[in-house]
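Remarks on the structure that follows.
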Amino acid sequence: MENLNVMVVDDEPGIRSGVSRILRNFTVSYPFMDADIGFNLIEVGTGEEAIEKIKTEKIEIVLLDNKLPGIHGTEVLEYININNPDILVMMITSYASLELAVKATNNGAYDFIPKPFTPQELKSALENVSKHLFLRGMTTKMNKEGKEVRYQFLSVLSHELKAPLNAIEGYLRIMQEKQAGEEIASYDQMIDRSLHRIKGMRNLIMDLLDLTKINLEKKTDKFQNVDIGEIAQLAIESINPYAIQKDVKITLINDKNITLNADPSDLEIVFNNLISNAVKYNVDGGKVKVTLKSENKNIKIVVEDSGIGLSKEETDDLFKEFFRVKNEQTKHITGSGLGLSIVKRVVDLYNGDVKIESKVGVGSTFVVTLPI
Ligand SMILES: Nc1ncnc2c1ncn2[C@@H]1O[C@H](COP(=O)(O)OP(=O)(O)OP(=O)(O)O)[C@@H](O)[C@H]1O
Ligand SMILES: [Mg+2]
């Protein structure tokens, strides 16, 4: 078991002994962690003592009261920000006022716990912090090992998740303070927007699951003779409800029975992403044509749409993670920008390639070639 050092800084002995009692037998575990995490507690009563301890001992988490007899909690926070920015600070504030919490988190506190807190509240707060520490340790390690790309990827990812969270948090705050009055209907739009952002986050997480799965190499035990036409048909059926809404017609052209030795779920990823893009970035009343061919020793999957199209510059970056075209037409379409990067990885895994031809305002054609 790994132990984290937690320092509680509070002039009320009752709070300190309370924290000590709660943490005595408390451990945190996650499915992706090898060992459980336990907590060592260090108790101090003033800000001055806290700073002394920080200088001499290795401390990972500080539970910090704001109202202290000598220097204030905010000054301790400032000291930590400058000298030991790796320490995660949780403010303990007696009045859970929005203002103080926002100010503290703006000034570098990781989170805050309102006082008085229940054992469960403290435990879940610590669970959160230790998970954060664990993930941070992981990214640092990856970075040190020279895997800068992955580090970059994680930074982009955290950014992508942070934006919707901030938006949802903002809406919840407005509702909490009833800023739009007592009438529940006044909040409908905020609720809709929040749900919309949550949906976006969920899609991003699903995409990531696909990505991590693909990183685990080719799993040949899942390989079987797959009927490509069948997979294409399934993908079309699952996207059709959305296509009907947009009045987009999807047709499949598949004259022969084409099979490939592959993991069917890999092929599903390719079809789902290409066809859903072809519908998503199409115009009302548009068309999508999916053609399957076998030529020489290759299988060709062609997904052609009559949609908004892409410029030459845009197609250059299309297969990069998180790349999305931002313009008037795409402004209201949600997506993570991961779909095509995942398609590219799958296709690479099968030693194939994916090409695109596109014209703004006319449409795009994606051609995937997979060797048999
Ligand atoms: N058929 C298409 N026509 C026009 N633009 C497209 C088409 N397919 C993709 N794009 C552009 O390429 C970008 C990246 O596509 P990708 O599928 O990787 O991500 P996404 O659709 O934004 O999100 P996700 O697929 O994860 O939901 C899109 O945001 C869009 O701007
Ligand atoms: Mg997509």
In segment 262-286, what residues are more than 11 Å from ligand 1 (Cβ to nearest atom), free of Cβ contacts under 8 Å to residues at least 40 places away in the same chain and not in a loop (DSSP other than H, G, I, E, B)?
268
Tell me, please, whether a residue that is of a type in the set (Gly, Ala, Ser) and in contact (Cβ under 8 Å) with a residue 12 or more places away in the chain can be found in segment 49-60.
yes
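Residue-by-condition table, conditions (1) over 28 Å from residue 338 (Cα atoms); (2) out of contact with any helix residue (DSSP H, G or I) (no Cβ under 9 Å at 6 or more places or on another chain):
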position: 163; (1), (2): no, no
position: 166; (1), (2): no, yes
position: 183; (1), (2): yes, yes
position: 191; (1), (2): no, no
Please count how many residues of segment 88-124 are part of a helix (DSSP H, G or I) and in contact with a Phe, Trp or Tyr (Cβ under 8 Å, 6 or more places away or on another chain).
5
Step by step: first the residues of segment 287-303, then only those that are free of Cβ contacts under 8 Å to residues at least 60 places away in the same chain and surrounded by fewer than 20 Cβ atoms within 10 Å (Cβ to Cβ), then the one that is farthest from ligand 1 (Cβ to nearest atom). Which residue is that?
296
List every residue pair whose Cβ atoms lie under 7 Å apart, where the two residues are 6 or more positions apart in sequence or sit on different chains, the first residue falls within segment 174-201 and is under 22 Å from residue 162 (Cβ atoms), and the second residue, located anywhere, is in a helix (DSSP H, G or I) and of a type in the set (Phe, Trp, Tyr).
175/187; 190/171; 193/171; 194/171
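So in segment 321-336, with the set limited to residues that are within 14 Å of ligand 2 (Cβ to nearest atom) and farther than 14 Å from residue 273 by Cβ, which one is surrounded by the most Cβ atoms within 10 Å (Cβ to Cβ)?
The selected residue is 325.
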Being within 11 Å of ligand 1 (Cβ to nearest atom) and farther than 17 Å from residue 206 by Cα is the filter here, so list the residues in segment 330-351 that pass it.
330, 331, 333
If I ask for residues that are of a type in the set (Asp, Glu), modelled with pLDDT under 90 and surrounded by fewer than 16 Cβ atoms within 10 Å (Cβ to Cβ), which ones from segment 221-274 would you list?
221, 255
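Conditions tested, residue by residue: (1) surrounded by 15 or more Cβ atoms within 10 Å (Cβ to Cβ); (2) aliphatic (A, V, I, L, M); (3) not in a loop (DSSP other than H, G, I, E, B).
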| position | (1), (2), (3) |
| --- | --- |
| 4 | yes, yes, yes |
| 7 | yes, yes, yes |
| 19 | yes, yes, yes |
| 22 | yes, yes, yes |
| 55 | no, no, yes |
| 71 | yes, yes, no |
| 78 | no, no, yes |
| 86 | no, no, no |
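Give the residue, chosen from 269, 299, that is touching a helix residue (DSSP H, G or I) at 6+ places or on another chain (Cβ under 8 Å), closer than 12 Å to residue 228 by Cβ and not polar (S, T, N, Q).
Exactly one residue qualifies, and that residue is 299.
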Residues 327, 225: which one is more than 27 Å from residue 205 (Cβ to Cβ) and either out of contact with any Lys or Arg (no Cβ under 7 Å at 6 or more places or on another chain) or assigned to a helix (DSSP H, G or I) (or both)?
225
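Return the only residue of 348, 353, 317 being at pLDDT 95 or above, farther than 18 Å from residue 275 by Cβ and under 28 Å from the mean Cα position of the chain (by Cα).
Selected residue: 353, the only one of 348, 353, 317 that is at pLDDT 95 or above, farther than 18 Å from residue 275 by Cβ and under 28 Å from the mean Cα position of the chain (by Cα).
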Residue 311 of a type in the set (Gly, Ala, Ser), within 16 Å of ligand 2 (Cβ to nearest atom) and either closer than 28 Å to residue 194 by Cβ or out of contact with any strand residue (DSSP E or B) (no Cβ under 6 Å at 6 or more places or on another chain) (or both)
no
Cβ pairs under 9 Å, 6+ apart or interchain, first in segment 319-342 and more than 18 Å from residue 282 (Cβ to Cβ) and basic (Lys, Arg), second modelled with pLDDT of 85 or more and near ligand 1 (Cβ under 8 Å from one of its atoms), ordered by first then second residue, are 320/337; 320/340; 320/341
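The values are calculated or read from the model by the stated rules, or taken from the named source; none is laboratory data. No experiment lies behind these values; they were computed from the predicted model shown. Note that each Cβ is placed from the backbone with ideal geometry, even for glycine, and that neighbours are counted across all protein chains shown.
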